[in-house]
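To start, the structure under review is shown below, and the notes come after it.
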Amino acid sequence: MTSPALGPEWWRSAVIYQIYPRSFADSSGDGVGDLPGVTSRLDALTTLGVDAVWLSPFFTSPQKDAGYDVSDYCDVDPLFGTLADFDELLQQAHARGIRVIVDLVPNHSSDQHVWFQEALAAAPGSRERARYMFRDGRGDHGELPPNNWESVFGGPAWTRTIDPDGTPGQWYLHLFDASQPDFDWSNPEVHEEFRRILRFWLDRGVDGFRVDVAHGLVKAEGLPDYVPPIDSGSMGGDQTDVPYWGQEGVHEVYRDWRRVLAEYPGDRALCAEAWMPTVEATALWVRPDEMHQAFNFAYLETQWHADELRAVIDASLAAYAAVGAPSTWVLSNHDVVRHATRLALTAENPQGHGIGPDSPGQPIPELGLRRARAATALMLALPGSAYLYQGEELGLPEVIDMPPGARQDPTWFRTNGERYGRDGCRVPIPWEAAAPAYGFSPTGASWLPQPPEWASLARDVQVGDPRSTLSLYRRLLAERRAHALGTGALEWLDLPGRGILAFRNGDVIVVANLGAAPADLPEGRVIAASEPLDGATLPTDTTVWLTAA
Ligand code: NOJ
């Protein structure tokens, strides 16, 4: 059964909930979430009111980068269950009208992938090596890496191999961890293999793919030297002319994939994870013959500031409309500081660097949550598709004070603790305040420690509380659906006051107060508000939705 909720081109306006399977629900009790755990909690997502889920990788993997190091693209890692568990999840989700997107990781595999193991065993220049980026080193004895590229996770982007006879050999490229060798996308065999992988999952009935590092597959001819600016975002979203991001050749890959999706009935979608410097640059990934959606990271990275938000919203709507695609909107995911913390930081915090107890610009938690609620209420009123990240509906903050020994992100290790990395947004989510691991795992095990204060944020505590963040999300999603905001159009309204963002979408007026002083509330019937309202004023850091009285 395919899911009926939004009908054709559902991805244009869908609310898509990101499940990070490791941290969602653990049925086996080993402290790592799994697919049966997801299935067992699907009803919570029906009640929340989302249209689709995106599952971060659950494929066979040594888990060096939490599953973004795939050793078998067509099987489920035993940590997460079996293919039968996946089929059951898919069927149960579809039965509830929830579509399912899976994560495809085409830039690199795990070093344990059979192709890479074959490449290591084969000679330079062989067919096996041609599937990855092997190069001779520079220097008299090849002792220097082929160029100066740095890994996104810190340290060099090249690792030297040891030949079967024990002598140092060629180098291979890994834009991420050394356990994640980059494929060579100039090789037709790589293209063929990924068509096979796409069809494998499409045959099982998935509704689409989130494409990892969709801006990175093709590298500039000759692999010219490049050093990213200090303190830039790890995935390159703030850099231009990078020889490994956004090369023209990547687009041909997605045109090909679009044709593969078109072989299947119904509407399936491709969503690009492409960290490009502008929305205009990102919109290249969603031209009519390429992908359907691209994450709007420019929006995610915009400060809590009315003029800046208005500018990025305008730029997004224009840039995506120009290519006939919807804009997407996103505030949190498994790679960024959760927005309930990020929006109250007072110092620069480049993407991927994370935050720890001694980081500058520590947030005031109450302010962060208040802004996060207002920011979500703003986002969910915008036309287009919106992505939510598990736990944000509970108002979860970033875990800042994580014991150093518990950290697992390769970024933390590859920078010798200089960057905290992304563990703080990946902590298993709380379901029941009084249960072991807050209901995440029956044994109380949790692969990252959960802070004691999360008991008060558990889902069962929030369910019956009309003022909770969970109740707010449910309300926003219900009203968004009732008023068809996702397929609507935005018209700005100029209301008096500094720091006010106001617009009309269909019959709903949205007003957000990002200023320093309370503002006048326009007339109308309040259908949702991110904070309790008192009379005719709109408090600071608050968003309200109104209709005609
Ligand atoms: C982007 C993913 O979102 C991130 O978690 C991962 O580490 C890198 N790509 C490498 O696959």
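Being surrounded by fewer than 17 Cβ atoms within 10 Å (Cβ to Cβ), within 30 Å of H174 (Cα to Cα) and more than 19 Å from the chain's Cα centre (by Cα): is that true of T82 here? Yes: the conditions hold for T82. In the set L223, L202, only one residue is surrounded by 15 or more Cβ atoms within 10 Å (Cβ to Cβ) and in a helix (DSSP H, G or I); that residue is L202. When we screen D212, D207, D182 for residues that are under 22 Å from the mean Cα position of the chain (by Cα) and either more than 15 Å from the ligand (Cβ to nearest atom) or hydroxyl-bearing (S, T, Y) (or both), the only hit is D207. Could you pull out the residue among S56, S61 that is over 23 Å from P430 (Cα atoms) and within 13 Å of the ligand (Cβ to nearest atom)? Every option except S61 fails the conditions.
Search the stretch 129-179 for residues being basic (K, R) and not in a strand (DSSP E or B), and hand back the single one that is farthest from the ligand (Cβ to nearest atom). Across the stretch 129-179, the extreme among qualifying residues is R129.
Does F194 meet the test of being farther than 30 Å from N349 by Cβ, within 16 Å of the ligand (Cβ to nearest atom) and in a helix (DSSP H, G or I)? Spelling it out, F194 is indeed farther than 30 Å from N349 by Cβ, within 16 Å of the ligand (Cβ to nearest atom) and in a helix (DSSP H, G or I). List the residue pairs whose Cβ atoms are under 9 Å apart, where the first residue sits in the stretch 166-178 and is small (G, A, S), the second is within 14 Å of the ligand (Cβ to nearest atom) and not in a loop (DSSP other than H, G, I, E, B), and the two are 6 or more positions apart or on different chains. Within 9 Å, the pairs are A178/P410; A178/R414. Filtering the stretch 91-111 to residues that are within 16 Å of the ligand (Cβ to nearest atom), outside any loop (DSSP other than H, G, I, E, B) and not charged (D, E, K, R) leaves I101, V102, L104, H108. Scanning the stretch 244-259 for residues that are assigned to a loop (DSSP other than H, G, I, E, B) and either surrounded by fewer than 17 Cβ atoms within 10 Å (Cβ to Cβ) or basic (K, R) (or both) yields E248, G249. Restricted to helices (runs of 4 or more DSSP H) entirely inside the stretch 267-338, those with at least 1 residues that are modelled with pLDDT of 95 or more and either within 16 Å of the ligand (Cβ to nearest atom) or in contact with a Lys or Arg (Cβ under 6 Å, 6 or more places away or on another chain) (or both) are 279-282, 297-300. The residues of the stretch 120-145 that are of a type in the set (A, V, I, L, M, F, W, C) and in contact with a strand residue (DSSP E or B) (Cβ under 8 Å, 6 or more places away or on another chain), listed by number, are L120, M133, F134, L144. Look through the stretch 483-539, keep the residues that are assigned to a loop (DSSP other than H, G, I, E, B) and of a type in the set (D, E), and return whichever of them is farthest from R12 (Cα to Cα). Top of the filtered list is E523. Residue check: A381 meets all listed conditions (1) out of contact with any Lys or Arg (no Cβ under 8 Å at 6 or more places or on another chain); (2) crowded, with 24+ Cβ neighbours inside 10 Å; (3) of a type in the set (G, A, S) but one, namely (1).
Within the option set L476, L472, being touching a strand residue (DSSP E or B) at 6+ places or on another chain (Cβ under 6 Å), of a type in the set (A, V, I, L, M, F, W, C) and not in a loop (DSSP other than H, G, I, E, B) holds for one residue only, L476. Among the residues making up the stretch 204-223, a single one is within 15 Å of W257 (Cβ to Cβ) and free of Cβ contacts under 8 Å to residues at least 60 places away in the same chain: V218. The residues of the stretch 339-387 that are under 21 Å from A52 (Cα atoms) and part of a loop (DSSP other than H, G, I, E, B), listed by number, are L380, A381, L382, P383, G384.
Of the residues Y420, Y438, which single one is among the aromatic types (F, W, Y) and either within 16 Å of the ligand (Cβ to nearest atom) or closer than 23 Å to R342 by Cα (or both)? Result: Y420 is the single residue among Y420, Y438 that is among the aromatic types (F, W, Y) and either within 16 Å of the ligand (Cβ to nearest atom) or closer than 23 Å to R342 by Cα (or both).
Does G33 satisfy the condition of being assigned to a loop (DSSP other than H, G, I, E, B), buried (at least 23 other Cβ atoms within 10 Å of the Cβ) and not polar (S, T, N, Q)? Show your work before the answer.
On the way: assigned to a loop (DSSP other than H, G, I, E, B): yes; buried (at least 23 other Cβ atoms within 10 Å of the Cβ): yes; not polar (S, T, N, Q): yes.
Against the criterion (assigned to a loop (DSSP other than H, G, I, E, B), buried (at least 23 other Cβ atoms within 10 Å of the Cβ) and not polar (S, T, N, Q)), G33 qualifies.
Checking each residue in the stretch 338-373 for being touching a strand residue (DSSP E or B) at 6+ places or on another chain (Cβ under 9 Å) and closer than 25 Å to P410 by Cβ picks out R338, H339. Of the residues in the stretch 83-93, none is touching a helix residue (DSSP H, G or I) at 6+ places or on another chain (Cβ under 9 Å) and either at pLDDT below 95 or closer than 21 Å to D423 by Cα (or both).
The values are calculated or read from the model by the stated rules, or taken from the named source; none is laboratory data. What you see is a predicted model; the values in this text were computed from it and never measured. Please note: Cβ atoms are built from the backbone with ideal geometry, for glycine as well, and neighbour counts cover all protein chains shown.
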